[in-house]
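As structure tokens, the structure follows; a few thoughts come after it.
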Amino acid sequence: MLDGKEPGLHVLQKGEGRCQILKDILILGIETSCDETSAAVVKNGREVLSNVISSQVSVHQKYGGVVPEIASRKHVELILPVINQSLEEAGVDIRRIDAVGVTYGPGLVGALLVGLSAAKALAFALDKPLVGVHHIEGHIAANYLDHRDLVPPFLCLVVSGGHTHIVCVKDYDQFEIMGQTRDDAAGEAFDKVARALGLGYPGGPLIDKAAASGNGSAIDFPRVYFDDGSLDFSFSGLKTAVLNYLNGMEQKGLKCPVEDVSASFQQAVVEVLVNNTLKAAGLKNLNKIALAGGVAANSALRNLMKIRAKESGFSFYYPGIVLCTDNAAMIACAAYYELMRGNRSELWLNAVPGLKLGEK
């Protein structure tokens, strides 16, 4: 069971109105959903003992995006060395691990299968529980690692290259999606606009850097809100507006103001993300808001959410930069809370590339 006053402590017995902490629980987490090979050891769901991440960004940069087959092959090369390094950095013998948590979806199917195969082999060989983790659930859980006072319920905006969700986190394993993208994810839009501007890949950090020298009000790009009251997002029209602006500048023989375009585009994305998230928090009467996912590292998003949350009287949480990216510590954290609720996976667990949040 879990003591809500002390998140992360493993409770094996409860008697006479008191909880008795009998042992520390160590989870080995494995993450290979896209182009990061990662393994981590987390104690009691909240303390990171190691978090090794091997990024493939430099490998995929020349292609302008992740090539699934190359990503899978790199995972095969790296998975065992990364696991060994994570155990070594944590100072933990593999036989001391209490469970193996692993991402089984969503993601690139070939990439997922590499991590999943390694996790199942370890769980079988060690006779330890296997815990399959939803990738988005892992991103949400990253906040628990940097904020030990954070406990559900709260609202979380999950923004990455493949996902844009407003999630009501009712409990550690109970989620309600209140809004999501109807076309491009926010991170995907960043990548496409960065490519059009000639900034390179990955687009998010490069646009953020260029925007720091630009004027976010220079160009009035559209903000999309739905008349039906939906909290969903749409960034396809914004992306098209940027492309049309760039084409117009080219036809006129004018130099593209890269910094101003970056800042104006970024401002348009961030305003919609923040406004919909605050509206969702009000609808659920929640006073805690968190960010998660790769785009959660964006400086404009953090700054605006921090300002607006303070104005509304909300507490605001976000993970450190390392925990915004795909990493195994967040997977180990989520696996811990699944394990505490008796949720274990069978060894025939398969990769589910299109897995929806809340599905098991």
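Taken together, the values in this text are just the output of simple stated rules run on the coordinates, not laboratory data. Fair warning: this is a prediction, and the values are worked out from it, not measured in the lab. Don't worry about glycine lacking a Cβ; one is built from the backbone with ideal geometry, like all the others, and counts go over all protein chains shown.
For the chain, leaving out every one of the GluC sites (Glu not before Pro) that falls in a DSSP loop and has at most 13 other Cβ atoms within 10 Å, the longest unbroken run is 17-345. I want the local charge near Ala111. Using Cβ-Cβ distances under 11 Å, sum +1 for each Lys or Arg and -1 for each Asp or Glu among the other residues. Summing Lys/Arg as +1 and Asp/Glu as -1 gives -3.
Calculated mean residue ellipticity at 222 nm for the chain: -13500 deg cm²/dmol, from DSSP H runs with n ≥ 4 weighted as -39500 (n - 2.57), summed, divided by the residue count and rounded to 500. Taking the Cα centre of the chain as reference, the dipole from Cβ charges on Lys and Arg (+1) and Asp and Glu (-1) amounts to some 280 debye. Bridging of Lys288 to aspartates and glutamates at a Cα separation below 12 Å is possible for Asp149, once same-chain residues fewer than 8 apart are set aside.
Extending 7 Å from Cα along the Cβ direction at Ile94 and again at Glu250 yields two label points whose distance is 5.2 nm.
Sorting the segments 193-199, 261-267 by their mean number of nearby beta carbons within 10 angstrom, highest to lowest, gives 261-267, 193-199.
Counted over region 228-300 with a bin width of 10 Å, the fraction of Cα pairs per bin, in whole percents, is 15, 39, 28, 14, 4, 0. Beta bridges per DSSP, both residues in the chain: antiparallel share near 65 percent. The label-point distance for Asn343 and Lys284, in a model that sets each label 7 Å from Cα toward Cβ, rounds to 1.5 nm.
Taken along its three principal axes, the alpha carbon spread of region 153-320 comes to 54, 32, 27 Å, from the longest extent down to the shortest. What does the charge add up to near Val42, with Lys and Arg as +1, Asp and Glu as -1, over the other residues with Cβ less than 14 Å from its Cβ? Charge balance in the 14 Å sphere: -3. Other residues lying with their Cβ under 14 Å from the Cβ of Cys168 contribute a combined charge of 0, Lys and Arg counting +1, Asp and Glu -1.
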